[in-house]
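Here's the structure, in structure tokens; my notes come after.
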Amino acid sequence: MNPRAEIDELESALLERAKALAAEYLAQAESERHRIVTEANDRLQLREEHEILAAKAAAERAFRRRMQAAEINEQEELDRLRWSLVRNVMDRLQRQLAVIVADDAKYAPLLARYLARASAAIEGDGLIAEVNAQDHARLAGKWDAFCREAGIGKRVALAPDPLHCLGGVRVRNADDTVRVDNTFEGRLERMQDEIYQVVTERLFASAARQGALFGG
């Protein structure tokens, strides 16, 4: 083979090799591009999923906060309603008690029962009973007879100064270390929790229940 033919053959071989390498590099580049695009798409999809999950979590937290706020507001409103009902019941009871005080046929036995129970609850003798100004004026001249009719087996004196109350009686020992408050106000205060429970159970309007509370 002459030198010229050898040169042409070598150039042809080098050209084919160059084409083969170029094709290989192009194929590798295409594969790398596909890999990069796929990874980028995967990262984008993962990021979108994370953002969706984060948005859902934020929405759930916001929803729970709104629900909690609504529940708190509802509870506060229910508490205000219950307390309003309690106050209405207390006002109604005070008006009814005022009616009872004005009816001596009902009030005198009730006052006697309150006095007897308060006196029995305190040990010893020489007790002092305190009543309001109206009862004081009515009972001062017949106090001993009133105590006997009430069935009190110990000495109970009527305090010289009247007590500011709607009705009932407060009894204490001589040194004022023990008191039993059977005034209407004292009994209402002690029964307020029970009245609140009654209101909560929607039973506050029951006349029978009120009778049990104030019947003595």
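The values are calculated or read from the model by the stated rules, or taken from the named source; none is laboratory data. Nothing here was measured: the structure is a model prediction, and the numbers come from that model. Glycine also receives a Cβ, built like all others from the backbone with ideal geometry; neighbour counts cover every protein chain displayed. Ligands, DNA and RNA are excluded from the accessible area calculation, which covers all protein heavy atoms including side chains. Shrake-Rupley method; radii C 1.70, N 1.55, O 1.52, S 1.80 Å.
A few points about this structure:
- Of the residues in the stretch 112-126, none is farther than 18 Å from Gly186 by Cα and surrounded by 13 or more Cβ atoms within 10 Å (Cβ to Cβ).
- Test for Arg95: is it closer than 16 Å to Asp193 by Cα, open to solvent by 90 Å² or more (accessible area, probe 1.4 Å) and free of Cβ contacts under 8 Å to residues at least 60 places away in the same chain: no
- In the stretch 117-160, the residues that are among the acidic types (Asp, Glu) and part of a helix (DSSP H, G or I): Asp135, Asp144, Glu149
- Top-ranked residue of the stretch 179-196 - restricted to ones that are of a type in the set (S, T, N, Q) and not in a helix (DSSP H, G or I), ranked as surrounded by the most Cβ atoms within 10 Å (Cβ to Cβ): Asn182
- Number of positions in the stretch 68-96 that are touching a Leu at 6+ places or on another chain (Cβ under 9 Å) and either basic (Lys, Arg) or modelled with pLDDT of 85 or more (or both): 0
- Considering Glu32, Glu74, the condition of being under 30 Å from Arg190 (Cα atoms), part of a helix (DSSP H, G or I) and open to solvent by 70 Å² or more (accessible area, probe 1.4 Å) is satisfied by Glu74 alone.
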